[in-house]
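Engineer: Right, I'll just put the structure down here and ask away after.
Just so it is clear, none of the values below were taken in a lab; they were calculated from the coordinates. Not measured: the values here are computed from a predicted model. Cβ atoms come from the backbone with ideal geometry, glycine included; neighbour counts cover every protein chain shown.
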Amino acid sequence: MAFAIQFVIDVLSLGGAYALMALGLVIIYGILRLVNFAYGELIMVAGYTMFLTSGSGLPWIIMAVLAVVMAIVFGIITDYAAFRPVRAKSVTAVLITSFAFSNLLQNAALLFISPRPRNVPLPEIFSETVSIGGAITPVRNLITIAASIVLLAAVAFLMRKTTLGIAMRAAATNFTMARMLGVPANLIISSAFALSGFLAGVVGILWIGRIGTVVPGVGMEPLLIAFIATVIGGMRSLPGAVVGGFLLALIDTTLNYSLSQDLLKFRDAFTFSLVIVILLWRPEGLIKGPASGQRT
Amino acid sequence: MLDVSDLSVSYGTIRAVRGISFTLGKGELVSLLGANGAGKSSTLKCIAGALKASGGSITLGGKDITSASPEQVVRAGLATVPETRDVFPDLTVAENLMLGAYIHRRDQAGNRQNLERLHTLFPRLAERSHQPAGTLSGGEQQMLVIARALMSRPTVLLLDEPSLGLAPAIVERIFEMIETLKKSGLTILLVEQNVNQALAVADRAYVMRLGTVVTSGTPDEIRATSDLSAHYLGG
């Protein structure tokens, strides 16, 4: 019983974080049909904001809010610096500018902060453990589950019940038509980058909460996870990103529990093999996105 | 109301529209006729801001909208119903209509009033309000895109091939609605391959061929002076 509870908590906490990462990536992809390769650096920005404000004496929650705000700001800057100037040009151009911006941010962190890991302040509760039905689990896992539930519900509400969300969904289906109804393209795209930044900021805090330190390349793994989760779930589907995130977490956790110590270092090879099998079965991902789609 | 002067539209080196001019008076219904590839839809897309003009000018109510973006064109009072019947399939009928009123989103009372009027005109849409638009029939989707365009309370409506691919009975109903809209004082530019029906509702018509206007006049003048079949069959 304790094992089952432990397993479920692990899958849900990892899955929640993966789902939020994937959602942040797919929100941009859905509208622009472009992968934001600088997405991982938004997580880095959140981490370094926590580090840089750690000596300020501010309450932790204010530092966390500042970290999320900075991720949002840098999300919007990504749009202005890497996407907007070349959006109407070729996909290749945007891929290169988004890689370049990602590199620029990482190198700025290397140059102006440090290549070495920096401690990020975390409240006591992040390192405490709790026993649930005999299973001992870190409280941060429960915080991650709660944060994921609240954020997934909030994103669902935004996308389904607000004019901005409905306009974003419409733009993801047919951008030109949405514009022909008066929906301003730039507002929708900037909102998508802001929302993506918001998710990256929260994920950044939860993710860095697991490792306790931030380095310039901290965003690489979340970007890769988000990318794989969206590919599994369906590149253009918001529910697909969430399903993909939880499925990837299920695969990872199952392998963690079932592989022997010798094989555990090859876990990623097993994970990717399963991802390939899923894609052979459903090449478009598990959930198909909107029927049509086009870029500006 | 709408003045198109010496308008040209190019796709790379291909000139789809070659310096055409026409006008729409207030409350007028003007048909733009011609075979496939005559440049009708390119003209409409250009007026709607979805394609850039390579020459000429477009003014709406005296305001130059030649290089306006699609969203600026809507705000200027011009709504477009594209030929591809672009409903947002995953959004409900109500959400599609709500987006049509995006530019008036702060005027909820006005939108409700407009919606009630449109529900009277298109009762099927009221019945299917909570259904995803992708599940509607072709005719219902056509009604939805027309109603959605009208939610922006336009002064000029561009209709691109509203009868395309629809059953004759539905086409008849669509044209009845176009007549009703015309009677309500709306200025309409209708692009249509169904010549007889387009001429039956139009005040004036322009016939296009290979990107230029070859004939214009009242429906009677067009019927009398122009060999329409030649323009449609390329003869």
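Engineer: Where in the range A:201-296 are there trypsin sites (Lys or Arg not before Pro) that are in a DSSP coil and have at most 10 other Cβ atoms within 10 angstrom of their Cβ? Spell out each step's value before the answer.
Structural biologist: On the way: sites: A:R210, A:R236, A:K265, A:R267, A:K288, A:R295; in loops: A:R236, A:K265, A:K288, A:R295.
Taking the range A:201-296 and a limit of 10 other Cβ atoms within 10 Å, the loop trypsin sites (Lys or Arg not before Pro) found are A:K265.
Engineer: State the Kirkwood hydrodynamic radius of the protein assembly as shown in Å, one decimal place, computed from all pairs of distinct Cα atoms.
Structural biologist: It is 25.8 Å.
Engineer: Counting helices only, and only those DSSP H runs with n ≥ 4, report the 222 nm mean residue ellipticity of the protein assembly as shown as the sum of -39,500 (n - 2.57) divided by its residues, in deg cm²/dmol to the nearest 500.
Structural biologist: Rounded to the nearest 500, it is -18000 deg cm²/dmol.
Engineer: Oh, and also: Can you give me the Cα centroid spacing of the range B:4-27 and the range A:30-47 in angstrom?
Structural biologist: 42
Engineer: State the answer as a single residue: which of A:W60, A:N174, A:L95 lies farthest towards the positive end of the charge dipole of chain A, with beta carbon charges of +1 for Lys and Arg and -1 for Asp and Glu, about the Cα centre.
Structural biologist: With unit charges placed on the Cβ atoms, the residue in question is A:N174.
Engineer: Continuing with this model, one more query. A:V150 label point, 7 Å along Cα→Cβ, cut-off 13 Å on backbone N: hits in the range A:178-219?
Structural biologist: Flagged as within label range: A:202-203, A:206.
Engineer: Right, another one. Quick one: 3J(HN,Hα) in Hz for the range B:111-126, Karplus 6.51/-1.76/1.60 with θ = phi - 60°, rounded, Gly and Pro as x.
Structural biologist: Residue by residue, the range B:111-126 yields 5, 4, 4, 5, 4, 4, 4, 6, 5, 5, 6, 10, x, 4, 5, 5 Hz.
Engineer: Give the long-range amide H neighbours of B:L32: residues separated by 5 or more places, or on another chain, with amide H under 5 Å away, using H modelled in the peptide plane at 1.01 Å from N.
Structural biologist: Answer set, sorted by chain and number: B:L190, B:V191, B:E192, B:Y206.
Engineer: For the range B:2-233, give the magnitude of the charge dipole about the Cα centre (Cβ charges: +1 Lys/Arg, -1 Asp/Glu; no others), in debye to the nearest 20. Present the calculation step by step, with values, prior to reporting the outcome.
Structural biologist: Working: 23 positive and 23 negative charges, 91 e Å.
Approximately 440 debye in magnitude.
Engineer: Please give me, ordered by residue number, the trypsin sites (Lys or Arg not before Pro) of the range B:1-84 that lie in loop per DSSP and have at most 11 other Cβ atoms within 10 Å.
Structural biologist: B:K52
Engineer: What distance in nm separates the two pseudo spin-label positions at B:E221 and B:T84, each 7 Å out from Cα along the beta-carbon direction?
Structural biologist: 3.6
Engineer: If you stretched the chain out fully between A:N103 and A:T163, how much longer would it get, using 0.36 nm times the residue separation minus the C-alpha to C-alpha distance?
Structural biologist: Gain in length upon complete extension: 18.1 nm.
Engineer: Name the long-range amide H neighbours of B:T215: under 5 Å, sequence gap of 5 or more, or other chain; modelled H, no Pro or chain starts.
Structural biologist: Excluding prolines and chain starts, which carry no amide H, the hits are B:V207.
Engineer: Which value does Rg/Rh take for chain A over its C-alpha atoms, Rh per Kirkwood?
Structural biologist: Using Cα coordinates only, the ratio equals 0.97.
Engineer: Please identify, among A:T144, A:T271, A:T173, the residue showing maximal mean-square fluctuation in a Gaussian network model of chain A using a 10 angstrom Cα cutoff.
Structural biologist: Maximum among the listed residues: A:T271.
Engineer: Still on this structure, please answer the following. What do you get for trypsin sites (Lys or Arg not before Pro) in the range B:103-186 restricted to DSSP loop and a cutoff of at most 15 other Cβ within 10 Å of the site's Cβ?
Structural biologist: Answer by residue number: B:R105, B:R106.
Engineer: A further question follows. If you scale each eigenvalue of the Cα gyration tensor by 5 and take the root, what three semi-axes come out for the range A:224-280, rounded to whole angstrom and sorted largest first? Could you put the intermediate results ahead of the total?
Structural biologist: On the way: eigenvalues 100, 23, 13 Å².
Working from the Cα gyration tensor, I get semi-axes of 22, 11, 8 Å.
Engineer: For the range B:95-163 and the range A:149-194, compute the distance between their C-alpha centroids and round to whole Å.
Structural biologist: Cα centres, the range B:95-163 to the range A:149-194: 19 Å.
Engineer: Along the range B:89-99, what does the Karplus equation 6.51 cos²θ - 1.76 cosθ + 1.60 (θ = phi - 60°) give for ³J(HN,Hα), rounded to whole Hz, x for Gly and Pro?
Structural biologist: Each residue of the range B:89-99 in turn: x, 8, 8, 6, 4, 4, 5, 4, 5, 4, 5 Hz.
Engineer: Residue by residue, what Karplus-based ³J(HN,Hα) values in Hz, rounded to whole numbers, does the range A:39-47 have, using 6.51, -1.76 and 1.60 with θ = phi - 60° and x for Gly and Pro?
Structural biologist: Whole-Hz 3J(HN,Hα) from phi for the range A:39-47: 4, x, 6, 5, 5, 4, 4, 4, x.
Engineer: Need one word for chain B: rounded, prolate or oblate. Basis is the Cα gyration tensor (sqrt eigenvalues a ≥ b ≥ c); a/c below 1.5 gives rounded, then a/b vs b/c decides.
Structural biologist: Values: a/c = 1.76, a/b = 1.40, b/c = 1.26.
Here chain B falls in the prolate category.
Engineer: Mind checking the dipole of chain A: about its Cα centre, +1 per Lys or Arg Cβ, -1 per Asp or Glu Cβ, Debye to the nearest 20?
Structural biologist: 920
Engineer: Going by amide H atoms built from the backbone, whose H comes under 5 Å of the H on A:L286, apart from near neighbours?
Structural biologist: Answer set, sorted by chain and number: A:G233, A:G234.
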